[in-house]
1. Per residue of the range 426-436, what does 6.51 cos²θ - 1.76 cosθ + 1.60 with θ = phi - 60° give for ³J(HN,Hα)? Whole Hz please, x for Gly and Pro, Karplus curve as stated.
2. Which whole-angstrom value gives the distance between the alpha carbon centres of the range 215-280 and the range 33-57?
3. Highest first, please rank the peptides 283-291, 32-40 by the mean number of other Cβ atoms sitting within 10 Å of their residues.
4. Just want the answer: with Cβ charges of +1 for Lys and Arg and -1 for Asp and Glu, which residue in Thr256, Ala157, Ser331 is farthest toward the dipole's positive end in the chain?
5. What order, most packed first, do the peptides 252-258, 218-224, 409-415 have when packing is the mean number of other Cβ atoms within 10 Å of each residue?
6. Here is the link list: Lys9/Lys80; Lys80/Lys388; Lys130/Lys477; Lys32/Lys80; Lys248/Lys325; Lys9/Lys32. Which ones come out longer than 18 Å on Cα distance?
7. When the Karplus curve 6.51 cos²θ - 1.76 cosθ + 1.60 is applied with θ = phi - 60°, which whole-Hz ³J(HN,Hα) does each residue of the range 447-460 get, with x for Gly and Pro?
8. Could you estimate the translational diffusion coefficient of the range 368-504 from the Stokes-Einstein equation, with Rh from the Kirkwood formula over C-alpha pairs, at 25 °C and 0.890 mPa s, in whole µm²/s?
Amino acid sequence: MSLQSPHLKEFTRDEVAEHCRIDDLWIIIDAKVYDLTKLKAFHPGGLSVLLDEDVAGCDATEAFYSLHRHEVLEKTQTKKLQIGTIRGETSKLHGRISGALSLVPYAEPNWLAPEYHSAYYSENHRQFQKAVRRFIDDVLYDEAQVREESGERPSQAVFDKMAEANMHAMRLGPGKHLAGRKLLNGIVKPEEFDYFHELILMQEFSRISTRGYGDGVVAGMLIGAPPLINFGSAELKARILPDILDGKKFICLAITEAHAGSDVMGLKTTAVKSDDGEHWIINGTKKWITNGTFADYFVVGCKTEDGFTVILVERGDGLNTRPIKTTYSASAGTAYITFEDVQVPVGNTLGEEGGGIFVMLSNFNHERFIMCCSSARTQRLVVEECLKWVTQREAFGKPLHAQAVIRSKLAAMISRAESCQHWLENITYQMCNMSYKQQSRQLALLKSHSTRCAQDTARDAVQVFGGRGVTKTGMGKFIEHDSSGLPSLPPLPLPFHLYKRSSLCLVL
Ligand code: HEM
């Protein structure tokens, strides 16, 4: 049975060739016939390129793919331009297939490639990976691309679907917070969920390749909820945690200030006890707070009489948030926060009064782990984009990959991605078997290694893509996205801004 849409006709190549004029302009791309007569006035690449003698009325497949991403053909406006197909021929090229593995070499961690073996992953991990990929492709991917650009935060519909699968809870890693929850339709039992499941989850999330939206999907919870889980009172946890894990309420970590960032003891926000000793009165500011614009709860680092104390503040009188513009998308909800005589019950203190530094440090290992997962997977995406580009792009009469200098860069990128992934898997195995305290040194070293590799790979990718590596749309858009914010590293063909990505920063 033919799946061809009824409005599409069949043509021979000779018939298409007759339509090669400015007022009657057809082309063939991958056995599909497009009428570009109306597009020509709006084509971002201009008219003259469409009238070239090897484009107008011709098979422009190669010319098209050397300049456009496949997604251009998937847009509704482009689909309307298709008038038919070439008789006796079928299309061979397709875009992303939901849930599928990439066929580009090195685009997937090698435990997912059929020819490789791994001592770390069980059959359950493999089933879990398939289900998570399908979920992310179906539920998050398209919205992420649109909202990264518009700056809107992730929709409540996405949060709800994530909650239904218990994604929010799983993203916090193994632990008691999973108890009694049905994880991704029951694919893994809460007590069997381990750090490899978490690694898979984090890496599959990184594939959406939208930094702001990615952080908008509750990065605040990843760093804000652990202090509540580990140091909050039973009453506080029972009242607040379920709504957070169910995606109904949002929490963030509010430590950094305009005055001090990593110098936590230099913070100026104060919390002073009320005369009756029942409340904290908080005054001060916080800056660069991920998810702050939409959070309901703020885990706030304050200067107190005894030193540094962490307090959970609920959105209310005296607390105001406003968005601040950053290198990445406003989808992340990055905020500047002001506290003016904000009154908080003393029962909202997390951990000991004056013991805030311990509360903060206690989650660093896990944060490092998350960053290592994301950094290793993002490098692989860059490798995939580069491999696709050097294959389809021709320069000096041959594909880019025929140039030795390009092959050398690709080899270096691939080696870096492999080294980060394999060290990560080894550490993940240790995490499944070591105490939390024992894990810290290895994780800190891996984070340093992985983020440096990511910077080198971003720099090489910009060189492979040339001007497209600094262009927000088109072929190099993911490379620009990944490298924007990085400080210039010589020798570069063009100046570019370098990147400060939470998952790629160099702090140990
Ligand atoms: C279905 C047919 C086509 C559609 C819908 C289309 C659409 C587009 C779009 C959306 C862009 C902007 C890409 C971006 O930066 O995001 C673009 C750019 C461009 N297009 Fe097309 N195009 C088509 C066919 C062609 C063909 C056959 C050629 C001939 C070689 C061509 C040449 C170009 C050029 C030179 C650019 C500028 C590329 C750049 O800035 O790097 N287009 N086109």
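Rule-based calculations on the coordinates, nothing more; no lab input. Predicted model, so just to flag it, every value in this text is computed and none were measured. Cβ: placed from backbone, ideal geometry, glycine included. Neighbour counts: every protein chain shown.
1. 5, 5, 4, 4, 5, 4, 5, 10, 9, 6, 4
2. 56
3. 283-291, 32-40
4. Thr256
5. Numbers: 252-258: 23.6, 218-224: 25.7, 409-415: 17.0.
Ranking the peptides 252-258, 218-224, 409-415 by packing returns 218-224, 252-258, 409-415.
6. Lys80/Lys388; Lys130/Lys477; Lys248/Lys325
7. After applying 6.51 cos²θ - 1.76 cosθ + 1.60, I find 4, 4, 4, 5, 6, 5, 4, 4, 5, 4, 5, 4, 5, 4 Hz.
8. After rounding, the answer is 158 µm²/s.
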